[in-house]
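Below you'll find the structure, written out as structure tokens, and then a few comments.
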Amino acid sequence: MITLAEPWTAAAQGRINRALLAALAHPGEVVDLGAAGGGRAALAALATLADAAVALCDLHRLLDPAERSLLGAGEAGAAEAPFVLADGARAPDAGLRLNAGTQLRPESGATLVLECAEVGAGALALQLSGPGNAAARGLRLDGLDPAWLALREEHAGFPCGLDLVLADRRRVACIPRTTCIRRND
Amino acid sequence: MDRIDLAADLAAVAAESPADLAALAHRLAAGLPVRHLGVPQEGLALLTMEDGVCGDRFHLGEAALAVAHVEVGGSAGGAAILGATTATAVAAAVCDAVAAGGLPGAEAVHALAARGRAARAERDRRRAQMRAATRVDFAELGESA
């Protein structure tokens, strides 16, 4: 078999890209990426967003060498990487610093992809408000340590900050840096 | 055969008869495990040249390029072909891996590459003819002025 499977095909990545754009445009909206990631929506998102032109920090070694090779993204430390992948169920290390961008280059702020047990269901309830949501939108999550939300707050300072992509097996929800988060649980 | 020569020969086959290259690659891949080491890509790449006087490198312009990197039966192979599609680059990479590893089917790859070598030789001959037609002898021009 010479052809690649999803999510590595151009057609799949185009479809996932449109889904991610919709999720970013409406923070907290749960979007189903289907089976493209082989049971890991985070992999589908990264396959679409990252390539050899960017660097990735796989904080908890969630990607196997074959996936890392196909992504093509270079290695970088957490403080520099434009893309960071982590296990959302594990609390971030104390003192962890990510790249929030600068006033001159806020677009270099990191996209933090967190793997969760469930997106759209779970005990952790968030209220999201800000651009993209005319009214506050609720988002429930399972398997996300709240310390990641605290880390996001530590890095906030518009226009700088972190953009979150929360992913379970098939679904994703995005929380860009412009969104205000209030815990509702 | 030098591996760079083999790559150039397979690129010539890709330009002349990509269907033959694809057919051979699919036949080889049917009997061996194929793993992509990178996502095959096609796009524009800066074409770097070296001037013939000072040896300085410069960018001639952009060229359409397709690249592929695969592993076949434990042997790595790659291809970067101007003006090709990703499917053709993958086919060339599979053939390169099979030839490099001496895997079953390597003889068929070398036979196909020989066709590419003949095509390259013909192309080089035509280019030499075109260059010869533009030759100017400046000494003669000076004497006749």
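Taken over region A:80-113, the criterion of being among the polar types (S, T, N, Q) and in contact with a Ser or Thr (Cβ under 9 Å, 6 or more places away or on another chain) is satisfied by A:Asn99, A:Thr102, A:Ser108.
If we scan region A:65-73, do we find a residue that is among the aliphatic types (A, V, I, L, M), buried (at least 18 other Cβ atoms within 10 Å of the Cβ) and not in a loop (DSSP other than H, G, I, E, B)? Yes, that holds for at least one residue.
Name the one entry in A:Glu118, A:Glu80, A:Glu75 that is farther than 17 Å from A:Leu151 by Cα, touching a residue at least 24 places away in the same chain (Cβ under 8 Å) and of a type outside the set (Val, Ile, Thr).
Going through A:Glu118, A:Glu80, A:Glu75 in turn, the sole match is A:Glu118.
Could you list, in sequence order, the residues of region B:14-59 that are among the basic types (Lys, Arg) and within 12 Å of another protein chain (Cβ to nearest Cβ)? Reasoning before the result, please.
We begin by selecting, within region B:14-59, every residue among the basic types (Lys, Arg); these are B:27, B:35, B:57.
Once the filter is applied, which keeps residues that are among the basic types (Lys, Arg) and within 12 Å of another protein chain (Cβ to nearest Cβ), region B:14-59 yields B:Arg27, B:Arg35.
If I ask for residues that are at pLDDT 95 or above, within 16 Å of A:Arg137 (Cβ to Cβ) and not charged (D, E, K, R), which ones from region A:166-185 would you list? Matches in region A:166-185: A:Leu166, A:Val172, A:Ala173, A:Cys174, A:Ile175, A:Pro176, A:Thr178, A:Thr179, A:Cys180, A:Ile181.
Screening A:Arg105 against (1) farther than 24 Å from A:Asp58 by Cα; (2) surrounded by fewer than 18 Cβ atoms within 10 Å (Cβ to Cβ) leaves a single unmet condition, (1). For region A:1-29, the set of residues classified as outside any helix (DSSP H, G or I), within 14 Å of chain B (Cβ to nearest Cβ) and of a type outside the set (D, E, K, R) consists of A:Met1, A:Ile2, A:Thr3, A:Leu4, A:Ala5, A:Pro7, A:Trp8, A:Thr9, listed by residue number.
With the requirement that a residue be more than 12 Å from chain A (Cβ to nearest Cβ), of a type in the set (A, V, I, L, M) and part of a strand (DSSP E or B), what does region B:72-116 give you? Within region B:72-116, B:Ala79, B:Ala80, B:Ile81, B:Leu82 meet the criteria.
Does region A:30-64 hold any residues that are in a helix (DSSP H, G or I) and either in contact with a strand residue (DSSP E or B) (Cβ under 6 Å, 6 or more places away or on another chain) or closer than 15 Å to A:Arg18 by Cα (or both), and which are they?
Taking region A:30-64 first, the residues in a helix (DSSP H, G or I) are A:41-49.
If the condition is that a residue be in a helix (DSSP H, G or I) and either in contact with a strand residue (DSSP E or B) (Cβ under 6 Å, 6 or more places away or on another chain) or closer than 15 Å to A:Arg18 by Cα (or both), then A:Ala41, A:Ala42, A:Ala44, A:Ala45, A:Leu46, A:Ala47, A:Thr48, A:Leu49 are the ones that fit.
Scanning region A:47-75 for residues that are more than 13 Å from A:Ala5 (Cα to Cα), within 12 Å of chain B (Cβ to nearest Cβ) and within 15 Å of the chain's Cα centre (by Cα) yields A:Thr48, A:Ala50.
Please return the ranges of strands (runs of 3 or more DSSP E) entirely within region A:79-185 where 1 or more residues are basic (Lys, Arg) and more than 17 Å from the chain's Cα centre (by Cα). Talk me through it step by step, then tell me what you get.
Working: elements: A:83-87, A:111-115, A:118-130, A:133-142, A:163-167, A:171-175, A:180-183.
So the answer is A:133-142, A:180-183.
Any chance region B:42-49 includes a residue that's within 18 Å of B:Ala114 (Cα to Cα), within 17 Å of the chain's Cα centre (by Cα) and aliphatic (A, V, I, L, M)? No, region B:42-49 contains no residue that is within 18 Å of B:Ala114 (Cα to Cα), within 17 Å of the chain's Cα centre (by Cα) and aliphatic (A, V, I, L, M). Condition (residue is in a helix (DSSP H, G or I), modelled with pLDDT of 95 or more and more than 16 Å from the chain's Cα centre (by Cα)) applied to region B:117-126: is it met by at least one residue? Yes, there is a match, as at least one residue in region B:117-126 is in a helix (DSSP H, G or I), modelled with pLDDT of 95 or more and more than 16 Å from the chain's Cα centre (by Cα).
The values are calculated or read from the model by the stated rules, or taken from the named source; none is laboratory data. This is a predicted model, so every value here is computed, not measured. Please note: Cβ atoms are built from the backbone with ideal geometry, for glycine as well, and neighbour counts cover all protein chains shown.
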